[in-house]
Every structure is written in structure tokens, then in C-alpha cells.
């Protein structure tokens, strides 16, 4: 009988590997040999979004590899990214028999190892592992489930340091973990006498925000009326929000680059605590300027309520900016907050009038006191 190949000609594909899709754009990859190749059509900047075009480009790349890099092409062909194996059992047995003859002739040591079966009898075993900061750590392999659980419990308490009386399998003893009512009452009384601005979700990744947060904690009106939340989510920004925050021109450039617009920060009213909630999202946890920008949004509103002179000066400055080419879709509020953030955090001098800059910095300082009615008015409008 004529020898049958492992992959017959009918099942061979013209293109090895896989054509994948990431966010609507196609790429070509041969796992373990060739990394992702962008499938960019002629006179285009980004990968194609059309499957038929992607296949044509990938086939052209494969022919170039075969012509210019024959060694890499041979390596790709040697891996079974080149079609599908036979489904016929009789054919598979003949192929396996040929492979076994080849091993006996060319690698007698391996053939001897295959024929000698000294493996131990199979038995159950339990593997214990623990996840720490997203990384899995292997603890060990055990014969029984109880041994594996005991090792896991010991490692869990060692890593996370729970107090005595608490383990993974039992509820904590409340009198050792939670404070008594007297301790809780004294803590609440201390909070009323010495208010503290809540900071929620602060992690090591958000350490660049600490200078602005510590500064906020010294400003009386921020301590009494605001809270900071560091959110690890990445919310997408719609077209209206993106244009309102950075302008239509900026939004057009981002879309032309094929990038998605996301929200860096926002200011809202927390309905539970009745505080002004300043939220910084994951893309901006290393950018203190975003947090300062949200604070200066509040400063802009305070100026609008308390000082008509400076409010008129800001409007005049904004009008001049529009005349010299500022994107008209960028609001006056956003333009002011961005300029003050550059002044205060980045140390870059803006074209804002010096009197406005000094007054805004004074409002964001420990020496400033703002009546409660002003903040209540701002919260009511929001």
C-alpha cells in the first residue's frame, strides 16, 4: 500500500497558524514560533477589519517568509500548525507503527525506556496552592484532602496574619476582631470632634495621588464636605462626555488613532454620606493632576458663587482663548480646571490672570474658610 501522510493534501491549508481578531482588527500568529503580525492593508495605518482582506495579507506574508526566511518556514511547517491529523484509525495505526520502527532504529535508548514500565501504581493526590496579589503559589502535594486543607490554612494565616481564633474554616470570634460598643462610640465621638476626609480604595499603585490628598486633608471645607474614592474600574467615555471634557478636536484625534476614550475622574454627590464624591479611576491612579483638576472644578463653582469680579475675569480670559483658536466645544469650567492643574501640580505657567491664579490657590489652602451655605448651594445645583 502507498504510505499515507499524517496530514493528507485535502486537509492542508494554504496558510499555517491562526488569523485572530482583537477589538475588530485582524492579526496573524503561529503559536510558539511567530508572534502576532499586524495585517495592514496598503496605504493604511491600522490593521484591517475585513476577514477576506486579512487572509490575503497573511498569505502574502507567509509567501515572503518562505522566500526570505526558509529556516523559519521549515520550523513553522514542522509544528502541526499546518492542517489537521487523520481521523481514520487504521491510517493512524499504520503511521504510529512507522514512527515506532523509526524510534527503534534511531533511538534504541528511548525504545528501551518505553518497553520498560517501572512507573508506580496510580493513586490520588491533592495539590494545595494559594493566590497572593493575583499570583498562585504552590504549597505542596498531599495524599489526603485533609492534609492539603491543613497546609492551606496554615499558609493562609501565615500570609494574611489573622488574629488568634480565626482560620479559613470558621467564623471569627467577634470579641477579638470587632470593637466593643464603648470603643465604637468613642471612635464616633472623636470623628465628630475631629472630622476626617474619607479616602476609599487607596492602594500602592495610587501613591502618586498622596501629595494632593494630604493637601486636601488640611483644607477645612474639603474635609467637612468631600470624600475621595480610588476606583479600579475603567469606564468608557461616550462621545458627548469626551467632547465636553476635552473638546471635539481632541476627540477626533483620539478616534483617528484608533484608541478608546475612557473616564479618568469625575465629581458627584454621594447620596449616602451627603458628601461631594471625587472619584479617580484606574487609568489616572498615577496622575495627581487629574485629582487636582477635580478639586479646581469645585473651586470654579465657589468663585462663581462668592466673587463676581473674579468670575467675570475668568469669562473674559475664556473669551480671549476662543478668539485665538481654543476649541469652542471645551467648556469654560474645563479650561479653567486644566489650566489651574498645570499651574499647581505640573508647575507650568498658564495664561490665566495672576490675580485669578492666586485667589484659586488660596481657596485650595488651609487658610481658606468657606461658609456652609456656599457648599450647600453648590451641592444643591449638582
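Applying 1/(1 + (r/R0)^6) with r as the Cβ-Cβ distance of residue 306 and residue 202 and R0 = 41 angstrom yields a FRET efficiency of 0.85. Model label sites at residue 21 and residue 130, defined 7 Å from Cα along the beta-carbon direction, differ in position by 4.3 nm. The modelled label-to-label distance between residue 44 and residue 327, using points 7 Å beyond Cα along the C-beta direction, is 2.6 nm.
What ranking, highest mean first, results for peptides 216-224, 100-108, 302-310 when packing means the other Cβ atoms within 10 Å averaged over each residue?
Averaged packing, sorted descending, gives the order 216-224, 302-310, 100-108.
Residues 202, 209, arranged from fewest to most other Cβ atoms within 10 angstrom of their Cβ, appear as 202, 209.
Give the order of 376, 334, 135 when sorted by the count of other beta carbons within 10 angstrom, beginning with the fewest. All intermediate terms of the calculation are to be shown ahead of the outcome.
On the way: 376 12, 334 17, 135 7.
In order of increasing Cβ crowding within 10 Å: 135, 376, 334.
Spin-label point model (7 Å from Cα, Cβ direction): what's the residue 29 to residue 91 distance in nm? Roughly 3.0 nm, to one decimal.
Once the piece of chain linking residue 154 and residue 115 is laid out straight, how much longer is it, given 0.36 nm per residue of separation minus the C-alpha distance between them?
Residue separation times 0.36 nm, minus the Cα-Cα distance, leaves 9.7 nm.
Look at 197, 340, 379 and count the other Cβ atoms within 10 Å of each Cβ; fewest to most, that gives 379, 197, 340.
Read-outs throughout are calculated quantities, based only on the coordinates presented, and are distinct from any laboratory measurement. Everything quoted here is computed from the prediction, not taken from an experiment. With ideal geometry, Cβ positions are generated from the backbone for all residues, glycine too; neighbour counts draw on all protein chains shown.
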